[in-house]
Amino acid sequence: MNPLISELFVLVLFVAVLIVISLWALRAVWRTIKSIRTKGKVAPLDILGVLVGIAIIACVSYGIFVEPYDLEVTRSTIYSKKFAANPDRPSLRIVHISDLHCDSEPRLEPRLYPTIKSLHPDIIVFSGDCINCREGLPIFRKCMQELSTIAPTFVGLGNHDSRQWPNVDILGKTKVKNLKGQLEKLNLHGMSICVTGVPVDRESPGTANLNKLSKNNFNIYVYHYPCAAESLSKYNVDLLCTGHTHGGQVRLPFYGAIITRSPTGKQFEAGMYHVNNTWLSVTRGVGLEGSWAPRVRFLCRPEVTLIDITGDEQWRLSQAANCIVE
């Protein structure tokens, strides 16, 4: 079955079950109130229903008022033979963020600068979806401008940016690099780094330059959709940084994301994956989906992803074999 259809089925099923349970809990509350008023005995099943109702209210309140503001730093370390061994520090430190979805009022944006600065990154990448509304534009630009003072900052615009705001200069005069297929080359810690990427719906220039990626460089590709991992892994892409899925925004225990809106479904819903010789980082994002979607996160905290790349052979030998970038 198509992953998008499967996700829609799971979403409808989840909402239907939630409505049924909520109605049952509401009925139990009403029956309990009536029993108390008439000094009758409260049925155990009604007590259970009241407790379930309280749990639902607590979870919804937590998902709306607490978790969307609870920023998490997720750390990953990978090995690359392209870097010289340095046991004292990572050979390259990358901070990856995505999906700010800035609204008219700041949410986590003011916390990003001090949080990311404390991580001392060499490179910052943002993989798209900047704003939910025009009023969020100044907040987004200020955030990007602040981040660009920490380290070189690169942006690959997402589907919200290209489709909802096609005529808006989202990045304005910020000092970030807007990736449109060009190859941005850096020399960090004696190693040649190449950062490239494309906006959604403007993929052609990036596709044309993929063959120009040198095996001698450590190549970072910034793109919004994780479903591109299979095709990009055929080129010399060492690390692909993506977002889009929000990690589902609402996750269930033991199941994970209910919906990712990605053609690959749950295959790349959130986290770090190894696709052929390419590492894929799918960050859960910082903001919340706009428009019709509920502004909620549950078991899916907003995330700053820290990626340390090491050339330390001893570290590699102490880890699982899948922590290698060839």
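Every read-out reported here was derived from the displayed coordinates using simple, explicitly stated rules and does not represent laboratory data. What you are looking at is a predicted structure, and each value in this text was computed from that prediction instead of being measured. Counting neighbours? That spans all protein chains shown, and the Cβs are built from the backbone with ideal geometry, glycine included.
Take the Cα of F14, go 7 Å toward its beta carbon, and the backbone nitrogen atoms of segment 282-299 under 14 Å from that spot belong to 289, 293-299. Length gained on full extension, R134 to K185, computed as 0.36 nm times the residue gap minus the Cα-Cα distance: 15.1 nm.
In this structure, E230 and L23 have a Cβ-Cβ separation that, at R0 = 41 Å, corresponds to a calculated FRET efficiency of about 0.40.
In this structure, the amide hydrogen of I258, modeled 1.01 Å from its nitrogen in the peptide plane, lies closer than 5 angstrom to those of V250, L252, counting only residues at least 5 positions away or on a different chain. Karplus-based coupling profile of segment 42-47, in residue order and whole Hz: 7, 5, x, 5, 5, 4, with θ = phi - 60° in 6.51 cos²θ - 1.76 cosθ + 1.60 and x standing for Gly or Pro. For the chain, adding -39500 (n - 2.57) for each run of n ≥ 4 DSSP H residues and dividing by the number of residues yields -9500 deg cm²/dmol at 222 nm. Multiplying the residue separation of N211 and L48 by 0.36 nm and subtracting their alpha-carbon distance yields 52.5 nm. With the cut-off at under 15 Å, measuring from each backbone N in segment 271-305 to a point 7 Å along the Cα-to-Cβ line of E72 picks out 271-272, 282-287, 297-305.
Less than 5 angstrom separates the built amide H of K177 from those of T153, F154, V155, all sequence-distant by 5 or more or on a different chain. By the rule of a C-alpha distance below 12 Å, with chain neighbours fewer than 8 residues away ignored, the aspartates and glutamates paired with K215 are D238, E326. Stretching N2 away from T149 to a fully extended chain increases their span by 48.6 nm, per 0.36 nm per residue minus the current alpha-carbon distance.
With 32 Å as the limit, write out which pairs from K82/K180; K173/K266; K82/K173; K82/K175; K81/K173; K81/K117 have Cα-Cα distances beyond it, or answer none. The pairs that break the limit, which is 32 Å between Cα atoms, are K173/K266; K82/K173; K81/K173. Placing dummy labels 7 Å off each Cα toward the beta-carbon, the span from W292 to K81 is 5.1 nm. 3J(HN,Hα) along segment 222-235: 10, 8, 6, 9, x, 5, 7, 4, 4, 5, 6, 5, 7, 10 Hz, from the Karplus curve 6.51 cos²θ - 1.76 cosθ + 1.60 with θ = phi - 60°, whole Hz, x for Gly and Pro.
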